[in-house]
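Just so it is clear, none of the values below were taken in a lab; they were calculated from the coordinates. For clarity, every value in this text was computed on a predicted model and none was experimentally measured. When we count neighbours, we look across all protein chains shown, and the Cβ atoms used for this are built from the backbone with ideal geometry, even at glycine.
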């Protein structure tokens, strides 16, 4: 039996050059889904980018929870995912599961996957450690591509009390004692750098 899936994304004018490519990627998904894209370009009342992202993610969360959805697929609007992404992620039946994706750290592509948290930060994986295709339990991954079960979002909201950490970090931290995060290392999605 098919699960009800909602895909939520946030965009703004900085991503306008890749919007069509992103929407085509979502439209090419082979699993039935509902999709909502929030454009935050005109949200001038919010002082920082991260606060805009948190507000947008929580609007998507509220929309998801108001519907009859079992899974929320968070996809950043600069991430291109394979057509069978939903099937692959759902097949793992995990609270939260991601694909490999990168972020830029000092101009270098670094995996957005973390082993554990310590007092002053997090310990990340290396690309070498993620080379073998497997389903790997992690402390956390990226919200750039994450399939999240309903029970998780019923308990956890998006937030970012300290901007330097980002909303991904606080979501991982709020989930760490209640839910498990897994990483499917068989796929590295295309995170378009703008």
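Using Cβ contacts closer than 10 Å as the measure, can you line up 188, 88 from fewest to most?
Numbers: 188 14, 88 17.
Ascending number of Cβ neighbours within 10 Å: 188, 88.
Below 8 Å between Cα atoms, with a sequence gap of 6+, how large is the relative contact order for the range 5-191 in percent? Please report the intermediate quantities before stating the final value.
Details: 333 pairs, mean separation 51.5, N = 187.
It comes to 28 percent, rounded to a whole number.
Which parts of the range 68-102 would a label at residue 137 reach, counting a residue when its backbone N lies under 18 Å from a point 7 Å out along Cα-to-Cβ?
92-98
Run the numbers for residue 163 and residue 192: contour at 0.36 nm per residue of separation, minus the present Cα-Cα distance, in nm.
Working it through step by step, the gained length comes to 8.2 nm.
Among the DSSP beta bridges whose two residues both lie in the range 5-191, what percent are antiparallel, rounded to the nearest 5?
DSSP beta bridges in the range 5-191 are roughly 60 percent antiparallel.
Taking the Cβ-Cβ separation of residue 42 and residue 180 as r and a Förster radius of 41 Å, what is the calculated FRET efficiency to the nearest 0.05? Please list the in-between numbers first.
Values: r = 38 Å, r/R0 = 0.92.
According to the calculation, E is roughly 0.60.
Expressed as a whole percent, how much of the Cα-Cα distance distribution for the range 64-130 exceeds 15 Å?
Counting pairs separated by more than 15 Å, the tail of P(r) holds 66 percent.
How would you rank 172, 1, going from fewest to most other Cβ atoms within 10 Å of each one's own Cβ?
Working: 172 25, 1 2.
By the 10 Å Cβ count, ascending: 1, 172.
When only Cα pairs under 8 Å and 6 or more residues apart are kept, what is the percent relative contact order across the range 48-147? It would help to have the intermediate numbers written out before the result.
On the way: 92 pairs, mean separation 32.6, N = 100.
33 percent.
Could you please rank 149, 105, placing first whichever residue has the fewest other Cβ atoms within 10 Å of its Cβ? Present the calculation step by step, with values, prior to reporting the outcome.
Details: 149 18, 105 10.
With the fewest neighbours first, 149, 105 line up as 105, 149.
Would you calculate a helix-derived [θ] at 222 nm for the chain, using -39,500 (n - 2.57) for each DSSP H run of n ≥ 4 and dividing by the full residue count, to the nearest 500?
-7500 deg cm²/dmol
From the square roots a ≥ b ≥ c of the eigenvalues of the alpha-carbon gyration tensor of the range 59-194, which class results: rounded (a/c under 1.5), prolate (a/b over b/c), or oblate?
Working: a/c = 1.40, a/b = 1.15, b/c = 1.23.
Taking the square roots of the gyration eigenvalues as a ≥ b ≥ c, the range 59-194 is rounded.
Once you have the alpha carbon radius of gyration of the range 1-127, what is it after dividing by 2.2 N^0.38 Å, with N set to its residue count?
Ratio of Rg to 2.2 N^0.38 Å for the range 1-127: 1.15.
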